[in-house]
Structure formats: structure tokens, C-alpha cells
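The values are calculated or read from the model by the stated rules, or taken from the named source; none is laboratory data. Predicted, not measured: the structure shown is a model, and the values here were computed from it. Quick reminder, even Gly has a Cβ in these numbers, built from the backbone with ideal geometry, and neighbours come from all protein chains shown. To get the accessible areas, we keep the full protein, side chains included, count just its heavy atoms, and leave off ligands, DNA and RNA. Shrake-Rupley method; radii C 1.70, N 1.55, O 1.52, S 1.80 Å.
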Amino acid sequence: MPEFCDVVLSVPLDMAFTYRVANGAQPVVGGRVLVPFRQRRMPAIVVELHDRAPSVQTKNIISALDTSPVLDDHLLRLGRWIADYYLAPLGEVFRTMLPLAAELKRSINYRITDEGRLVLHQASLSGSSARSRRTPDEQLAEFRVLEYLSEREITRESSLRAAARASKAVLDGMVRKKWIAREDVSGARDGSNVVKVAALKNAEGKLNANQQRIIDTLAAAGGKLGLELLRGLPVPRTTLRTLVRRGFVEVAEEPADFSLSSLKARPSPFDFDFNSAQQDALRHIQERVAAREFEGVLLHGVTGSGKTAVYLAAMKSVLDAGRSAILLVPEIGLTPAVAADLNQVFGNEVAILHSALSARERTEQWHRIKRGETRVVVGTRSAVFAPVSDLALIIVDEEQDSSYKQEETPRYHARDVAVMRAKMANAAVVLGSATPSLESYFNAKKNKYALLELPDRVEQRPLPEVEIIDMRQEFQETGHEQVISRKLAQEIRERLEQKEQVMVLLNRRGYSPVVLCRTCGKTLECKNCAIALTHHKRTHRMECHYCGYMAPVPKACIHCGSEYVYFLGTGSEKLEELLHGMFPHARIGRLDRDTVRGREDFERALNALNEGELDVLVGTQMIAKGHDVHGVTLVGVVGADAALGFPDFRAAERTFQLLTQVAGRAGRGQKLGKVVLQTYFPDHYAVQYAAQHDFAGFYDKELRFRSWMHYPPYSSIANVLVRSGKSDEVLRWSGILGQWFEKVRHEGVRVLGPAAAPILRLKEDYRYHFVLKSASREKLNALLRAMLAHAIQQKIPRTQVIVDVDAVWMM
């Protein structure tokens, strides 16, 4: 075994660290080790084993967590490419690639020091009663900690904080004063299964109220419940330990109960004949997979053209050949429906990976894939890192969706990572969409990707008729603002009379998006962000949709005290209420982030729609993509063109995509579909081309604008964001970088800024940004690396300069 190992940690530092191999550990490249880092124990990925002694003293690794690599050579190469391309620390890239946090148990212990005992002794001499009268709350908490620790040799942090009623800040301060010592004893958990609790005995009459609540909860759950769910009860954690000690309950390791989806699967794609376009697309993909050569494919098919059937058939042929496939979907909401289809076709061969799973569920699914128990993976963007063996095919459904771009470090785009992974593995990658991104369609037209077209809906079903309602004219004719136009109301009424179903899209959550004082003219803003708070009527609160801050609903203006506070605008919650008032006998449901807290909520709403238990479904963009509900014959679009006013060069593209996608939900069964599109911009080309289902026309027009302004796909783009909680600091830092950009030569790269970000303050940080554009990606990334080096030289913290390569949002 080599004497040293180089590892990368999940810290914002672009470097590896060298440790000595000791304690009988046998680390492997691509495996995890537990190492001491500063005052903590942290997991790290081994990137090299060697005998080169470093020039500085090294620490010993604590233990090796894996006997075989968790990242094979392909995934190690992919991680290095992501770190290089997106200018992200390699350790943070590897952390993102491995959903194995549940295997590590974070544990901190405390003990009292000699200095602490001396302080406690001196305090006791002064008299406890006098101390309690004169000492501030923080000092009282410190004395409680010292007294508690003085009676014990060592104590876990959770027990200490609960018993001494001391905050983390109090403990941190006492460590700095050296009154107490902190020791990180984190390590690997025993086993990778889910802990469950099983009721063993009837404990009636022998328990207090909290203990009885746990027993009752277990009984209601059939005698077993996941420990994480049980800990959600409003009872002290010591209650469960007491029940275990007394023998009333038992904690045991058991495999996770996990089902892919409760959604009813749609008819199998093999129950009907493929049309000629589907056959040609499937044949092309199968040939490229069989050749074991990389090829990028753009599958452009109108809504309802049977793209999912082609995906499933291609994946089945991969599975029949004993190889593996990955299917990426953009939204967690789409995962259950796709998983239900896959489960019908492939059974237990399917694994699912997305952020709505618990940490233990993700770990369990990851190990199933790693052990080779499943060779089909479906999930959101992080599923692109699934550790499948013999990868043959990656499919990226709705490839244009911005959800594939991660908005925190590492800021990778899963679509582009999928292309690179397929290239490294000599696999095929299929990008599918009814409304491809301009970049992907441009690449297909330039023959970087093969372009496969599905121009018709399956079974020759016609695309829905689209009627545009000019809301300016509606206002002139009715004399007041209408949320639902007369035409849309009439169409909904007719569908309800005919026992058909309706979807209504309003891409804005909450009840009212703005609270305005008509005396002083000010709005109620988030205390952390320069964003108006949204009124949520059902929960009786104001909420920031960016940071989650909540405030009570104001009865008077918080600025001037005026009672003339008005709630302006309409969100999906208010739209649902309006529809209930207009159609009192209709069964109306709502699908947005306020009603969907987990995949069960989403599946429940979609099952209700599929089973005909709902007449009208109101929702945000959650309802716009992927859903195949044959009873929906009418789609109403309310205010979806608001994005046209955003300060973003992709605003028209996003509007066209959203309108086209939601229109595609209508008429997917035997009956004709119709779309009523309400807009204040009826002449805008994005609206007109969406109404005509004309992607090619929109593409040509939008491409001309992009070429004039040197935006993607004609150039590469990056957004550099400088942030700080102090406005003077962020101004100084952005000024330093702005001066550097002016002085340094950067031929072929255009630098715009610094300027205030469109949202100046977000999550307590003030924000200024630069936008960089270049026809040469190499020149752009070289300049960004030099800028980051200069920022470090100028003592600007690395975490306060965010580099977003191929930025999707400029907010």
C-alpha cells in the first residue's frame, strides 16, 4: 500500500490535500476515506495513491469507507471535466455525484476542560442565587453547560443542547474561550438500510402522554414506521430512547420499502403500431447503440407524437442486449408518470433518483444500481451520474427545460453533462423535445447532432385549435380587468356540460403577488430580498418565493400605518377560487408547489384527473409538460406571456416553449382539443408562432435576433455574480474586478458590467454582476480562471464570487 493519498473534499477550494495512509486503512482510488480537516471529520474522495512525501507535515486518514471505488474511471473523468468546464472545485463536484450522505453519521462530542472547571468553581464561590440575579441569559446558559458537563466525562452535542438549553452559538463561544472542548467523532453508519421502529408490547396505562403518542402513531402505521418520520412528532427525542430502554419498542435495520409510483400506467407502447416516423427514429437509435459509437441525436416531435414510446422501445432493446440506460426528466413531477410506464415495461429493473427521495431512499437506490440489480435509471438532473455499468443510452426528455441547470455550485447543465458522459462511454445520447432549445436545434442543423423528426401526433390525431384572446380589447369592451375572459368562461362551461375535462394554466403561485399601500405607494417586500411578498390566503401569510421568508398578512401599511392596503394581481390560488365561484358544481383541483409537497401529492392529483374525478385542473407550469390525460379537451392559458417583460434574452423562447407545451395537453384522446390563449401581447411573434404550432418559424426569427446581439448559440456566455451581505463591500469587490477587466487584455471576449443584478438583494446578499460573451469558449474560460485568481489575490472570498458558465438565468 502506498504511503500517501491525495484526496478532494467538499470545500470551496480548487486543490487536493495529501494525507498519510495509516490505521491499517486500505484506500482505493475513487473510494471514500474519512479524514480530519481543520476541526472536523469529513469524507473525501481519493484521487491518487503515491509515495511522494509532501514538504509539509501530513495528518493520517482516520479510516477507509470503501473497499472498492464508488466512482469508476469514467465517472472520475466526467467529474474532472465538470470541474474544469464549469470552474467548480472538484470536491464539490464529486459530492454532487454521490448521494451517499445517509451512510455517514455526523456526531459531535463535548467535554469540560480544566479552564472550564476553574470558571465553574469561581462562580460557585460567588453564590448561585447572586449569579442568577445578575448574569445575562447567555452566561446563564454557559453555566448550565459547565454544570452539566462537570458531572459527565463526555456528552453528545444533541443531548447537551437539549439538557442545558444552550444554542450552537453559545457552545461555539465556550470552545473559543477554551472552557469546553469539542471533538468530531463522525463516522460510517452500520449498514445502508433504513432504520424502522416496531411496536413490541401493549403499553396501555404505563406511559405518559408523549410515550403514548409514539405508541399510537406506530399502531396507526401498522406497527412499523421509519425513524425519520417518527422524529417528526412533537415529542422530545429522549421519549423514544426511554421506550427502547423499557422494552416497549425496538429499533431495527430493515431495507427501505420503496415503490416507483402509484400512478396508473398508460397503455404499453407495444400495444399499438408505430407510425413510419417512429419506426425510423427507433431504428436509427438502435443502430447507433449497436455500433457502440458516440452519437448525439435530437428527437424533435410535436406534442403527442409518441416520443415516450420511442424512448421505452429503445431502452427495452438496450436492456435485452444486457446493457444499461438512463432517462432524465426535468421535473420531479414528471418522474412518477414516467416511472409508472417504465415499471410496466421493465418491472424491477428500474431505479429512480431525484431530490424528493429521503437521503436513505437515495442511498438505497444508488446501491441497487451500483450492485447491478437494476440497469434502467430514471430521474432528474443528478441521475446523469448514476453508477450504471456498460452504459449504452442516455435519454434527456424535454431537453430545453431550465430545470436541468443546477443553480448552486457546481452549476452544471445535466443535458450537456449527459452528452459528455455518452461521449466518454461511447454511448448514444438522445435529446427529446417538442420545443428544442435554440442551441440544440442549431447544433442539429449544423450536423453536430443527428436530427430525427416526428411531425405528426400518433394515430393521426390533429393538433388542437388555438384561439388568441386580446385582453386589451376585453378590457375595452367590459370596462374592467378580467382574469378569465368571456370566451374562456364560455368554453369551460361547454366542456363541463359535455362531461369533458379542462386544464387552466397560470404560471404564478399564491393568491396575490403584490400588496400595495395606496397612501404611500410602497409595497410589502421580503426582509431578505428585493422582492415583493406574495399573499397566500389559505395559510394566512405573506411568503417570499425566493428565500422562504414568511410574515403575517398586514392589516395596515407597515410603512405609513394607512389602512388602505390592497392586494393586487392573481395567482393560481386566487384563480382556483374564482373558478369555484363561476362553476360551483365543478370538481376543481390545483397543482402547484403549494399543494404538492411530495411525489404522493402529485400522484394523487394526476390519478384524480386520469380517473375522471376532477373536471378542472388549475396549475402553474407543473401541468404544462409530459402529462398524457385523454379526457382533457380544453386548455386555458391565463397570463403566461408575463415572462416577455423579463430582462432576459431567453424570454421569448421560454414563452414560446411554455405556450406550446401547455397547448399540447389538449386533444390527446379521441376528441378534438382546443386552446384559449389570453394575452396582452397578441402580436408578439412568440405568441403567434405558438398558436400556429410553428417551431421552425419561431426558430428562424429568434435566431436572427440572437445573431445580431451575439447571444447563444452564436457565442458562449457566462454570468459572474459578486455578492455580500454588506452593500459597500459588494460595491468595492465588483469595482476591483471591474478595474481588472478594464486593464487586462481579453481579445475575443466582451465584458458587460459591473451592474446591479436584476434582483439586487437576494437571501440577505447584495448582488452585482458581469456578463461575458465570446465566440471562443476557450478564451472565455481562460479569462474567467484568471479573474478568479485575481479575486483570491485581492482577498475576495471564493464563495462570494459565483461563476455561472452557460448561464440560463440572469437574475
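Scan segment 733-756 for residues that are of a type outside the set (A, V, I, L, M) and touching a strand residue (DSSP E or B) at 6+ places or on another chain (Cβ under 9 Å) and report the count.
So the answer is 11.
State the number of residues belonging to segment 30-71 that are farther than 23 Å from PRO387 by Cα and either part of a strand (DSSP E or B) or open to solvent by 50 Å² or more (accessible area, probe 1.4 Å) (or both).
Residues meeting the conditions: 17.
Which is assigned to a helix (DSSP H, G or I), touching a residue at least 12 places away in the same chain (Cβ under 8 Å), surrounded by fewer than 20 Cβ atoms within 10 Å (Cβ to Cβ) and on the phi > 0 side of the Ramachandran plot, of GLU459, GLU439?
Result: GLU459 is the single residue among GLU459, GLU439 that is assigned to a helix (DSSP H, G or I), touching a residue at least 12 places away in the same chain (Cβ under 8 Å), surrounded by fewer than 20 Cβ atoms within 10 Å (Cβ to Cβ) and on the phi > 0 side of the Ramachandran plot.
Looking for whichever is touching a residue at least 40 places away in the same chain (Cβ under 8 Å) and either under 23 Å from GLY636 (Cα atoms) or in a loop (DSSP other than H, G, I, E, B) (or both) here; the options are LEU516, LEU496. Which one fits?
From the options LEU516, LEU496, the qualifying one is LEU496.
Would it be correct to say that THR374 is touching a Gly at 6+ places or on another chain (Cβ under 6 Å) and part of a loop (DSSP other than H, G, I, E, B)?
Against the criterion (touching a Gly at 6+ places or on another chain (Cβ under 6 Å) and part of a loop (DSSP other than H, G, I, E, B)), THR374 does not qualify.
Just wondering, is there one or more residues in segment 102-114 that are modelled with pLDDT of 85 or more, open to solvent by 30 Å² or more (accessible area, probe 1.4 Å) and in a helix (DSSP H, G or I)?
The initial filter retains those residues of segment 102-114 that are modelled with pLDDT of 85 or more, namely 108-114.
Checking the rest, the ones that are also open to solvent by 30 Å² or more (accessible area, probe 1.4 Å) come to 111, 114.
Applying the additional criterion that residues be in a helix (DSSP H, G or I) yields 114.
Checking segment 102-114: at least one residue is modelled with pLDDT of 85 or more, open to solvent by 30 Å² or more (accessible area, probe 1.4 Å) and in a helix (DSSP H, G or I).
Considering each of GLU491, GLU481 in turn, give the residue that is acidic (Asp, Glu), farther than 19 Å from LYS763 by Cβ and touching a residue at least 60 places away in the same chain (Cβ under 8 Å).
On the way: GLU481 fails: touching a residue at least 60 places away in the same chain (Cβ under 8 Å).
Result: GLU491 is the single residue among GLU491, GLU481 that is acidic (Asp, Glu), farther than 19 Å from LYS763 by Cβ and touching a residue at least 60 places away in the same chain (Cβ under 8 Å).
Kindly indicate whether any position in segment 519-527 is in contact (Cβ under 8 Å) with a residue 24 or more places away in the chain, open to solvent by 50 Å² or more (accessible area, probe 1.4 Å) and of a type outside the set (Lys, Arg).
Yes, because at least one residue in segment 519-527 is in contact (Cβ under 8 Å) with a residue 24 or more places away in the chain, open to solvent by 50 Å² or more (accessible area, probe 1.4 Å) and of a type outside the set (Lys, Arg).
Among the residues of segment 667-687, what is the count of those that are over 30 Å from the mean Cα position of the chain (by Cα) and assigned to a helix (DSSP H, G or I)?
1
For segment 654-671, what are the residues that are more than 24 Å from ARG461 (Cβ to Cβ) and open to solvent by less than 10 Å² (accessible area, probe 1.4 Å)?
Result: THR655, single match.
Mind checking which residues of segment 435-447 are of a type in the set (A, V, I, L, M, F, W, C) and closer than 18 Å to ILE285 by Cα?
Answer for segment 435-447, where residues must be of a type in the set (A, V, I, L, M, F, W, C) and closer than 18 Å to ILE285 by Cα: just ALA444.
Taking into account only those residues within segment 791-811 that are open to solvent by less than 30 Å² (accessible area, probe 1.4 Å) and outside any loop (DSSP other than H, G, I, E, B), which is nearest to SER715 (Cα to Cα)?
Within segment 791-811, the match that is nearest to SER715 (Cα to Cα) is VAL805.
Listed here are the residues, each with its yes/no results for (1) more than 30 Å from LEU438 (Cβ to Cβ); (2) touching a Ser or Thr at 6+ places or on another chain (Cβ under 8 Å).
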| residue | (1), (2) |
| --- | --- |
| VAL722 | no, yes |
| LYS726 | yes, no |
| PHE741 | no, no |
| GLU747 | no, no |
| LYS779 | no, no |
| ALA782 | no, no |
| ALA789 | yes, no |
| ILE792 | yes, no |
| MET811 | no, no |
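Being more than 14 Å from ARG323 (Cα to Cα) and under 22 Å from the mean Cα position of the chain (by Cα) is the filter here, so list the residues in segment 360-379 that pass it.
If the condition is that a residue be more than 14 Å from ARG323 (Cα to Cα) and under 22 Å from the mean Cα position of the chain (by Cα), then ARG360, GLU361, ARG362, THR363, GLU364, GLN365, TRP366, HIS367, VAL378, GLY379 are the ones that fit.
Kindly evaluate TYR680 against the criterion of being open to solvent by 50 Å² or more (accessible area, probe 1.4 Å), in contact with a Ser or Thr (Cβ under 9 Å, 6 or more places away or on another chain) and not small (Gly, Ala, Ser).
When the stated conditions are applied, TYR680 does not pass them.
In segment 640-666, which residues are in contact with a Lys or Arg (Cβ under 9 Å, 6 or more places away or on another chain), of a type outside the set (D, E, K, R) and in a loop (DSSP other than H, G, I, E, B)?
PHE646, PHE649, GLY664, ALA666
So which residues in segment 732-755 are surrounded by 20 or more Cβ atoms within 10 Å (Cβ to Cβ), within 20 Å of ASN781 (Cα to Cα) and in contact (Cβ under 8 Å) with a residue 60 or more places away in the chain?
LEU737
So the check is Cβ under 7 Å with 6+ separation or different chains; which pairs have a first residue in segment 756-777 that's assigned to a helix (DSSP H, G or I) and a second one that's β-branched (Val, Ile, Thr) and open to solvent by less than 20 Å² (accessible area, probe 1.4 Å)?
Pairs found: none.
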